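The structure appears below as structure tokens.
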Amino acid sequence: MTVAEFRGSLAAVWQDASVHNDLAFPTLSDEQIDRLRVHGEEEETSAGDYLFRQGDESYDFYVLLAGEAEIVEEVDEDADGECEERVLAAHGAGRFLGEMNLLTGQAVYLSARVSEAGAVLRLDREALRQVIADDPELSELILNAFLARRTILLEGNVSGLRLLGSRYSRDTARLREFALRNRLPHTWVDLEDDPEGEALLRGFGLSPCDTPLVVWGKTVLKNPSNSELAQAVGLDTARISGFLYDLLVVGAGPAGLAAAVYAASEGLRTVALDSVAVGGQAGTSSRIENYLGFPAGLSGAELASRAAVQAEKFGALLSVPRTAVALSCEAIGDGGLTPGCIHVVELDDGSTVEARAVVVATGARYRRLEVDRREEMEGTSIFYAATEMEGEVCRDCDAVVVGGGNSAGQACLFLAERASRVYLVVRGDDLGESMSRYLVERIESSERIEVLVRTEVRELLGDGVVEAVVVEDGESGERRELACKGLFTFIGAEPHTDWLEGTLALDDEGFVKTGPQLGNGHWQRGDRAPHLLETSLPGVFAAGDVRSGAVKRVASAVGEGSIAVKFVHEYLARG
Ligand SMILES: Cc1cc2nc3c(=O)[nH]c(=O)nc-3n(C[C@H](O)[C@H](O)[C@H](O)COP(=O)(O)OP(=O)(O)OC[C@H]3O[C@@H](n4cnc5c(N)ncnc54)[C@H](O)[C@@H]3O)c2cc1C
């Protein structure tokens, strides 16, 4: 879709959602408003007043008591400051304004302007947090509305950030992934096929070699790092150093998020950090169908954002992008490994975070294919996840998926809805060897999927991007060239434990050993045995895919994250 087409559809999407979606735009009763009154202040408003403005660093929570306010998007601000304005919705008495960024502290994506004079009730962010913590009914109403509004912002493609870059650029892919995984409202202008992209670039006095470019209000960032982008949109404003936390959770996938939710809800001062985004691998899954309680399945992104809101509601601090690079333990008091020991995690920016206990939940990443030219094509046409972003690359073209597990199966089915044909390349003899039956059945009945068993990838063809993959039949030795636009690999996982080598006991494949796996050689305390999920360093626990012997499922990661907190309590109480 070009920028022009998307703009045409934008207001319609928003209007449709605002008219039909009671969850996103509820009207508060007089009684509910009275409960909010004690937390805020009433203010009169005049037509034309802005309650908050797109690009502001933060804003307050407003309930309209009388009059009307419009939600406005200001787009097209170019180098000359020319600005086009579009009214997306209008809200009257009883409605409240704001969305997820009120909780996360991100910058403001839309403006609210009074269109009819009246009055508002204004609560600052701290007061809103208090309401969410103390009033379950209002908490549910407000949080559901915020979540639904963020989804509308994302689905309706409210301009938000504008990202200008080529689909063949690795940095464009990195920035898009960062924006998507962090659910930042944004518009991507692909310089390969959108003529407006060139015009926008000229407007800023820049050329294609300055791309990828992120435009956010008056800020123009040339090929920013993820950290720089996070700073610009207020995603990374929390100061996490300089405190002693009860619990530091490293990695905010399902295991880390569960640990953060349980720890914070049980009163522990908790911080969780992640190098990319909350959600982990699960956040890249288009649909998780086997998670208890969601018979229709739910997207990984939805699971992640709900869990993140839950953790923040209980007071956990979530911080991205922050990468842990080392773990150490500073003994205090009698100098032994006692409860007085402080754990120190060093981050990639050189800062440190200190905590009395740590949960390592850094998960795993998919293994890379052993094939020439892989690195050259990674990021642009070799992928390790199949989400909307990657799916777009293969729309109406062919795609190749490698792997025989459930993740490969899910990716295949997801891509078959977008690509013209999907080849599933499996090394084993039988698809059912390591894939759930329900996926095998759907794959076998899909006309768009061709399964190639006993087959391996031998060669990548293309100029900077994959144009074809050469595969070899393991039995006959016959080679076949599969033309495609994307190669998706799901071939087993490697743990994210480089930063722990030499500090924690790891198994032969690098996964963290815990509890009974430690044996005498790795556990040095004579006064007690290690807790079930405790690592070789007392007070440091491991949960989820990073743990040796883990089941590698969302539900088990969530289970381990929450169980780990039970042992954190025991450690903090008794050492
Ligand atoms: C495409 C796909 C589909 C899947 N579908 C399903 C499914 O349908 N059902 C199911 O049960 N399971 C599914 N899985 C598996 C499931 O997602 C994982 O088992 C689960 O996410 C593991 O959770 P985790 O929290 O242990 O680790 P992860 O999800 O891997 O999260 C670890 C997090 O730690 C962060 N991190 C890593 N290193 C560092 C560091 N040094 N510093 C800071 N942060 C760091 C990472 O960025 C990541 O966010 C799927 C996996 C994939 C990839």
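From Ala408, Ala386, Ala419, Ala399, grab the single residue that is over 30 Å from Thr535 (Cα atoms), within 14 Å of the ligand (Cβ to nearest atom) and not in a helix (DSSP H, G or I).
On the way: Ala408 fails: not in a helix (DSSP H, G or I); Ala419 fails: within 14 Å of the ligand (Cβ to nearest atom); Ala399 fails: within 14 Å of the ligand (Cβ to nearest atom).
Of Ala408, Ala386, Ala419, Ala399, the one residue that is over 30 Å from Thr535 (Cα atoms), within 14 Å of the ligand (Cβ to nearest atom) and not in a helix (DSSP H, G or I) is Ala386.
For segment 512-532: of the residues being in contact (Cβ under 8 Å) with a residue 60 or more places away in the chain and not polar (S, T, N, Q), which is surrounded by the fewest Cβ atoms within 10 Å (Cβ to Cβ)? Break it down stepwise before answering.
We begin by selecting, within segment 512-532, every residue in contact (Cβ under 8 Å) with a residue 60 or more places away in the chain; these are 512, 524-525.
After this cut, where a residue has to be not polar (S, T, N, Q) as well, the list is 512, 525.
Working: Val512: 27, Arg525: 12.
Out of the qualifying residues, it is Arg525.
Here is a check on your reading of the model: is Tyr245 within 8 Å of the ligand (Cβ to nearest atom) and touching a residue at least 60 places away in the same chain (Cβ under 8 Å)? Show your work before the answer.
Working: within 8 Å of the ligand (Cβ to nearest atom): no; touching a residue at least 60 places away in the same chain (Cβ under 8 Å): yes.
Considered against the rule, which asks whether it is within 8 Å of the ligand (Cβ to nearest atom) and touching a residue at least 60 places away in the same chain (Cβ under 8 Å), Tyr245 comes out as no.
Check Gly544, Gly575, Gly539, Gly486 and return the single one that is modelled with pLDDT under 95 and crowded, with 23+ Cβ neighbours inside 10 Å.
Only one candidate qualifies: Gly486.
Mind counting the residues in segment 314-329 that are assigned to a loop (DSSP other than H, G, I, E, B) and either outside the structural domain of Gly253 (by TED's automatic domain parsing) or within 11 Å of the ligand (Cβ to nearest atom) (or both)? Spell out the reasoning first.
Quick first cut of segment 314-329, residues assigned to a loop (DSSP other than H, G, I, E, B) only: 314-316, 320-323.
Among the residues that remain, those that are also either outside the structural domain of Gly253 (by TED's automatic domain parsing) or within 11 Å of the ligand (Cβ to nearest atom) (or both) are: 320-323.
Total meeting the criteria: 4.
Listed here are the residues, each with its yes/no results for (1) assigned to a helix (DSSP H, G or I); (2) within 25 Å of the chain's Cα centre (by Cα).
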{"residue": "Glu192", "(1), (2)": "no, no"}
{"residue": "Leu201", "(1), (2)": "yes, no"}
{"residue": "Val214", "(1), (2)": "no, yes"}
{"residue": "Val220", "(1), (2)": "no, yes"}
{"residue": "Gln231", "(1), (2)": "yes, yes"}
{"residue": "Ala238", "(1), (2)": "no, yes"}
{"residue": "Ser241", "(1), (2)": "no, yes"}
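Look through Gly283, Gly279, Gly315 and report the one residue that is surrounded by fewer than 18 Cβ atoms within 10 Å (Cβ to Cβ), in contact (Cβ under 8 Å) with a residue 12 or more places away in the chain and touching a helix residue (DSSP H, G or I) at 6+ places or on another chain (Cβ under 6 Å). Talk me through it step by step, then tell me what you get.
Numbers: Gly283 fails: surrounded by fewer than 18 Cβ atoms within 10 Å (Cβ to Cβ); Gly279 fails: surrounded by fewer than 18 Cβ atoms within 10 Å (Cβ to Cβ).
It is Gly315.
For the list (1) more than 7 Å from the ligand (Cβ to nearest atom); (2) of a type outside the set (Ser, Thr, Tyr); (3) modelled with pLDDT of 95 or more, I need the number of the one condition that Gly293 fails.
(3)
Looking at Arg183, Arg174, Arg167, which one is surrounded by fewer than 20 Cβ atoms within 10 Å (Cβ to Cβ) and not in a helix (DSSP H, G or I)?
Values: Arg183 fails: surrounded by fewer than 20 Cβ atoms within 10 Å (Cβ to Cβ); Arg174 fails: not in a helix (DSSP H, G or I).
None of the others qualify; the one that does is Arg167.
For Glu450, are the conditions met, namely being outside the structural domain of Arg287 (by TED's automatic domain parsing), away from the ligand (no atom under 13 Å from the Cβ), touching a strand residue (DSSP E or B) at 6+ places or on another chain (Cβ under 7 Å) and more than 30 Å from Thr362 (Cβ to Cβ)? Before the answer, list the steps.
Numbers: outside the structural domain of Arg287 (by TED's automatic domain parsing): yes; away from the ligand (no atom under 13 Å from the Cβ): yes; touching a strand residue (DSSP E or B) at 6+ places or on another chain (Cβ under 7 Å): yes; more than 30 Å from Thr362 (Cβ to Cβ): yes.
Yes.
If I filter segment 22-43 for residues that are of a type in the set (S, T, N, Q) and in a strand (DSSP E or B), do I get at least one hit? Working first, answer last.
Of the residues in segment 22-43, the ones of a type in the set (S, T, N, Q) are 27, 29, 32.
Within this subset, residues satisfying the condition of being in a strand (DSSP E or B) are none.
The answer is no, given that none of the residues of segment 22-43 is of a type in the set (S, T, N, Q) and in a strand (DSSP E or B).
If you take the residues in segment 533-565 that are away from the ligand (no atom under 14 Å from the Cβ) and free of Cβ contacts under 8 Å to residues at least 60 places away in the same chain, which one is farthest from Gln310 (Cα to Cα)?
Ser536
Scan segment 487-532 for residues that are closer than 14 Å to Ala564 by Cβ and within 12 Å of the ligand (Cβ to nearest atom) and report the count.
Of segment 487-532, the ones closer than 14 Å to Ala564 by Cβ are 512, 514-515, 530-532.
Retained after the next criterion (residues that are within 12 Å of the ligand (Cβ to nearest atom)): 512.
Qualifying residue count for the region: 1.
Within segment 547-561, can you find the residues that are buried (at least 19 other Cβ atoms within 10 Å of the Cβ) and in a helix (DSSP H, G or I)?
Those that are buried (at least 19 other Cβ atoms within 10 Å of the Cβ) and in a helix (DSSP H, G or I): Val554, Ala557, Val558, Glu560, Gly561.
Restricting attention to segment 220-239, and to residues there that are out of contact with any strand residue (DSSP E or B) (no Cβ under 8 Å at 6 or more places or on another chain) and under 20 Å from Ser169 (Cβ atoms), which single residue is surrounded by the fewest Cβ atoms within 10 Å (Cβ to Cβ)? Lay out the reasoning, then the answer.
Taking segment 220-239 first, the residues out of contact with any strand residue (DSSP E or B) (no Cβ under 8 Å at 6 or more places or on another chain) are 225-227, 230-231, 234-235, 237, 239.
Pick out the ones that are also under 20 Å from Ser169 (Cβ atoms) and you get 225-227, 230.
Working: Ser225: 14, Asn226: 22, Ser227: 17, Ala230: 22.
Residue satisfying both the conditions and the ranking: Ser225.
Would you call Tyr291 of a type in the set (Ser, Thr, Tyr), farther than 24 Å from Met389 by Cβ and assigned by TED's automatic domain parsing to the domain that holds Arg322? Step through it out loud before you land on a result.
Details: of a type in the set (Ser, Thr, Tyr): yes; farther than 24 Å from Met389 by Cβ: no; assigned by TED's automatic domain parsing to the domain that holds Arg322: yes.
Judged against the criteria, Tyr291 is not a match.
Which of the residues spanning segment 332-346 are farther than 18 Å from Gly502 by Cβ and either at pLDDT 95 or above or among the aliphatic types (A, V, I, L, M) (or both)?
Selection gives Ile332, Ile342.
Give the residue that is surrounded by the most Cβ atoms within 10 Å (Cβ to Cβ), with candidates limited to residues of segment 422-444 that are assigned to a helix (DSSP H, G or I) and away from the ligand (no atom under 16 Å from the Cβ). Steps first, answer last, please.
Initially, segment 422-444 is screened for residues assigned to a helix (DSSP H, G or I), giving 431-433, 437-444.
Right, trim to away from the ligand (no atom under 16 Å from the Cβ) and you get 431-433, 444.
On the way: Leu431: 18, Gly432: 14, Glu433: 13, Glu444: 11.
It comes out as Leu431.
If I go through segment 454-465 residue by residue, how many of them are modelled with pLDDT of 95 or more and either within 31 Å of the chain's Cα centre (by Cα) or among the β-branched types (Val, Ile, Thr) (or both)?
The qualifying residues number 3.
Here's the yes/no breakdown for (1) under 15 Å from the mean Cα position of the chain (by Cα); (2) within 15 Å of the ligand (Cβ to nearest atom); (3) outside any loop (DSSP other than H, G, I, E, B):
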position	(1), (2), (3)
Ser227	yes, yes, yes
Gly234	no, no, no
Leu257	yes, yes, yes
Gly267	no, no, no
Val276	yes, yes, no
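When only residues in segment 149-183 that are modelled with pLDDT of 90 or more and of a type in the set (A, V, I, L, M, F, W, C) count, which is nearest to Met100 (Cα to Cα)?
It comes out as Ala179.
The values are calculated or read from the model by the stated rules, or taken from the named source; none is laboratory data. This one's a predicted model, so the numbers in the text were calculated from it and none came from an experiment. Heads up, the Cβs are rebuilt from the backbone with ideal geometry, glycines too, and the neighbour counts pull from every protein chain shown.
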